[in-house]
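Worksheet: one structure, shown below.
The values are calculated or read from the model by the stated rules, or taken from the named source; none is laboratory data. Just so you know, these numbers come straight off a predicted model, no measurement behind them. Neighbour counts are summed over all protein chains in view; Cβ atoms, including those assigned to glycine, are modelled from backbone coordinates with ideal geometry.
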Amino acid sequence: MASTGRVDLDGRPIKAMTICMIGAGGFIGSHLCEKLMAETPHKVLAVDVYSDKIKHLLEPQSGGASLPWGDRIQFHRLNIKNDSRLEGLIKMSDLIINLAAICTPADYNTRPLDTIYSNFIDALPVVKYCSENGKRLIHFSTCEVYGKTIGSFLPKDSPLRQDPIYYVLKEDTSPCIFGSIEKQRWSYACAKQLIERLIYAEGAENGLEFTIVRPFNWIGPRMDFIPGIDGPSEGVPRVLACFSNNLLRHEPLKLVDGGQSQRTFIYIKDAIEAVLLMIENPTRANGQIFNVGNPDNEVTVRQLAEMMTQVYSKVSGEAPLEVPTIDVSSKEFYGEGYDDSDKRIPDMTIINRQLGWNPKTSLWDLLESTLTYQHRTYAEAVKQAISKAVAS
Ligand SMILES: NC(=O)c1ccc[n+]([C@@H]2O[C@H](COP(=O)([O-])OP(=O)(O)OC[C@H]3O[C@@H](n4cnc5c(N)ncnc54)[C@H](O)[C@@H]3O)[C@@H](O)[C@H]2O)c1
Ligand SMILES: O=c1ccn([C@@H]2O[C@H](COP(=O)(O)OP(=O)(O)O[C@H]3OC[C@@H](O)[C@H](O)[C@H]3O)[C@@H](O)[C@H]2O)c(=O)[nH]1
């Protein structure tokens with residue numbers, strides 16, 4: 001590995017590495033590939049079944065000059081479920097980052113088998129090949145492994161609910177609290193928890209060098225899809241894309257069960273800074289589980305809908321809807337077996353201590369840049385789709 005002229009947090013030179021990134025064609029993967037190409041000399045073997053979100057990194061835009069990073073990124077179209085090329089790619093790499101997963105809540109209770117296979121069974125060979133070949137692994141888990149807060153089980157009027165001890169989520173002390181088995185919502189969280197335990201055990205018993213990332217609602221451009229435009233008409237993406245779709249179509253935003261659940265949202269570009277620190281500081285990141293979120297950006301889903309309505313009106317120049325939201329039941333929206341995390345505030349002690357990292361972007365600012373992107377990318381296509389539907 002050649003030196004890059006850059007230094008890590010301890011002042012040691014960072015060597016250029018080859019990274020096998022599985023799930024590189026998704027939302028997080030596309031931003032991570034962009035960062036690695038623009039700011040580092042590392043090579044990426046990008047593995048995915050789709051490449052649309054990284055097309056701009058793989059080939060020059062029409063009429064454009066050649067790409068500044070040349071062939072430092074290579075796309076390998078393969079499904080990790082059943083492709084013998086995976087082990088070879090892992091052997092060629094210094095670091096493996098696994099992002100591949102089914103990770104939209106609408107799938108957890110309606111396609112629980114696919115969800116469990118994707119998040120546990122399909123990740124097993126990746127862990128095994130890393131362990132057998134002595135390769136470092138950064139595995140993407142989720143904040144959903146915490147499930148519900150302890151506070152949510154206290155009486156509604158208990159003052160203890162206001163005590164952070166009962167709701168802040170801490171990697172090394174908080175329990176994982178899921179619903180009953182028929183609440184299939186938790187199939188995803190449970191599969192992610194088991195793969196975390198397996199990776200941890202590979203570290204303890206076989207010396208696997210690993211880092212586990214628990215993202216707390218990372219959002220930004222290229223997240224999921226807009227139904228009927230670049231994804232299935234009946235598809236249900238995560239909340240940012242659901243609400244963007246409603247705004248683009250001038251229809252009320254749907255609040256599931258009153259929109260009372262709380263989330264902290266972090267701008268994808270802030271979160272990617274944290275991942276780059278993990279990549280380039282293995283001695284500080286190995287053996288760690290990291291919350292990556294923004295504890296200062298907490299809102300209820302209802303507040304998120306109200307803020308997105310205001311921001312979208314600002315960036316599009318369109319007047320906000322007179323009735324901006326409507327309530328829907330979770331059964332109607334997601335079907336049988338849905339359940340929800342009540343509140344998600346990440347404890348930041350470990351990531352502050354190990355990597356000195358903190359997020360920067362406020363919720364308003366991140367929504368402004370994201371909704372500007374959504375409007376620029378989709379408004380015309382949505383308008384055309386609506387007029388086509390009216391004409392037919
Ligand atoms: N975005 C978030 O806020 C968030 C929150 C918690 C956890 N995560 C985790 O981070 C990871 C990435 O999330 P994302 O938001 O980028 O999701 P995403 O759906 O945009 O990206 C996942 C990518 O993995 C690919 N993939 C899935 N199965 C594959 C397979 N069998 N073979 C090859 N490629 C496959 C998909 O095609 C997709 O491009 C996931 O593991 C997810 O559980 C994300
Ligand atoms: O149109 C919608 C969509 C969603 N919602 C609500 O908005 C909240 C957030 O929904 P999201 O679709 O972003 O998904 P969640 O935050 O529940 O889970 C996510 O968390 C972390 C990751 O592992 C996954 O990306 C996903 O499981 C939920 O309470 C959901 O019920 C609405 O009220 N209306």
Problem set entry | Per-region count, region 148-170, residues assigned to a helix (DSSP H, G or I) and in contact with a Leu (Cβ under 6 Å, 6 or more places away or on another chain) | 3
Exercise. So is V145 within 16 Å of V47 (Cβ to Cβ), in contact (Cβ under 8 Å) with a residue 24 or more places away in the chain and in a helix (DSSP H, G or I) or not?
Worked result: no
Problem set entry | Filtered residues of region 192-208 (kept if touching a helix residue (DSSP H, G or I) at 6+ places or on another chain (Cβ under 7 Å) and either away from ligand 2 (no atom under 16 Å from the Cβ) or at pLDDT below 95 (or both)) | L198, I199, E202, N206, L208
Problem set entry | Options C176, C130: the member that is hydrophobic (A, V, I, L, M, F, W, C), within 16 Å of ligand 2 (Cβ to nearest atom) and either in contact with a His (Cβ under 8 Å, 6 or more places away or on another chain) or touching a residue at least 24 places away in the same chain (Cβ under 8 Å) (or both) | C176
For this session: Kindly check whether there is at least one residue in region 262-276 that is farther than 22 Å from A101 by Cβ, within 12 Å of ligand 2 (Cβ to nearest atom) and surrounded by fewer than 21 Cβ atoms within 10 Å (Cβ to Cβ).
Result: yes
Problem set entry | I326 β-branched (V, I, T), touching a residue at least 40 places away in the same chain (Cβ under 8 Å) and more than 18 Å from L255 (Cα to Cα) | no
Exercise. Is at least one residue of region 163-182 touching a Gly at 6+ places or on another chain (Cβ under 7 Å), within 22 Å of D224 (Cα to Cα) and within 16 Å of ligand 1 (Cβ to nearest atom)?
Worked result: no
Seminar exercise, completed: Of the conditions (1) within 15 Å of ligand 1 (Cβ to nearest atom); (2) over 25 Å from F210 (Cβ atoms); (3) of a type in the set (S, T, N, Q), the single one that S141 does not satisfy is (2)
Exercise. Which one of E205, E209 is surrounded by fewer than 23 Cβ atoms within 10 Å (Cβ to Cβ) and farther than 24 Å from A24 by Cβ?
Worked result: E205
